[in-house]
Structures are given as C-alpha cells and as structure tokens.
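Reading through the structure tokens given below for one structure.
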Amino acid sequence: MKLPSIITLAFCLLISYTGIAQINKISEDEKNSYDLTLNITNIKSKGNLLVEIWTDSLAYNSDISSSKTKSFKENIDKNNFTKIISLPKGKYLIQLYIDENLNDKMDSNFLGIPKEQYGFSSKEIIRFRKPKFEEASFDLKKNLTIDITLQ
C-alpha cells in the first residue's frame, strides 16, 4: 500500500470511530430519560391547562416559579387529557390547574378556595392546603403513568 492510501484509511477509521462514539453517547442519554404519561380526568370545562413540574422541594414550598423543572400550557376541552413527557430519572411533583377564563392565574374566592379545577401528583386528595412536596412527589426510575383526577 502506498503512504497516501494508509493515511486515507486511517482518516476514514477515525471518522467512523467518532461517529460510533456519538451514537453511543446519544444512546446513553436516552437511557437516562423516561416517558411520563400524564392522564388527567374529570375536566369539567374547557380552557388552558397549566402544568408545572417541580424537582426542588424548597422552591416548590416557597413557590419560586423560576425553579420549575418544566412547565407548559395546553388548550383543552372537557373530559380527559393525556400527554407524554420525557424527563430524566429523578424525583418530581406535578401541580396543574384549568384556567377557565384564560387570565393565566388560579382564581380563588375571598376565603382563598380555588374557583377553578386543580390537581397534584399525589395519590390522596388533600383538602384545605397545598400538599407538601413529600406528600405529592414520585420517583421516576422507569416509564411511568400518573393519573390525576381534578378537584
């Protein structure tokens, strides 16, 4: 083999190895993410569904909105709603509400009782207060489905 052919072969092998390493890196990243299927039921009115996903209990308890891991808004109709969210392995809490009048806030009466439907990722319904992070959080270690029935 001539010297230029060896250099060309070596260069091609290097490029191939780099491409394989990138494919393996993507595969490793995908292994660290899981699908969270969010099923929301008992939706009584149409509006905007505002979903906030938290990982930090201190930020959640003090309601520091910049510390949300993820948040999104979806226009929805009555009945049910399902969405798949890809998240890395970790501990999460989901809080959500239906903004019926589209003013981007949870409306409440003069006693502070919500006028619009809301829900949390807790298994138990907690009345008269926001649940503590530990009461409503869950561990995402594999693909998981969370069912939230709106109150």
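Among the residues of the stretch 99-130, which ones are within 16 Å of D147 (Cβ to Cβ) and in contact (Cβ under 8 Å) with a residue 40 or more places away in the chain? Hits for the stretch 99-130 are Q117, G119.
Among residues of the stretch 46-73 that are at pLDDT 90 or above, those with a beta-carbon under 6 Å from a residue that is of a type in the set (S, T, N, Q) at least six positions away or on a different chain give the pairs N48/N75; E52/S71; E52/Q95; I53/T69; T55/T69; K73/N48. For the stretch 43-99, the candidate set comprises residues that are among the charged types (D, E, K, R) and assigned to a strand (DSSP E or B); within that set, the residue that is nearest to K130 (Cα to Cα) is E52.
Residues are listed down the side, and each one gets a yes or a no for (1) at positive phi; (2) among the hydroxyl-bearing types (S, T, Y):
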site	(1), (2)
L38	no, no
T41	no, yes
L50	no, no
I53	no, no
D63	yes, no
K73	no, no
K78	no, no
F81	no, no
I84	no, no
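Every residue, every condition in (1) surrounded by 12 or more Cβ atoms within 10 Å (Cβ to Cβ); (2) charged (D, E, K, R); (3) over 15 Å from the mean Cα position of the chain (by Cα), yes or no:
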site	(1), (2), (3)
A59	yes, no, yes
K78	yes, yes, yes
Y97	yes, no, no
K123	no, yes, yes
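The values are calculated or read from the model by the stated rules, or taken from the named source; none is laboratory data. Given the structure is predicted, the values throughout are model-derived calculations rather than measurements. Reconstructed Cβ throughout: ideal geometry from the backbone, glycine too, with neighbour counts over all protein chains shown.
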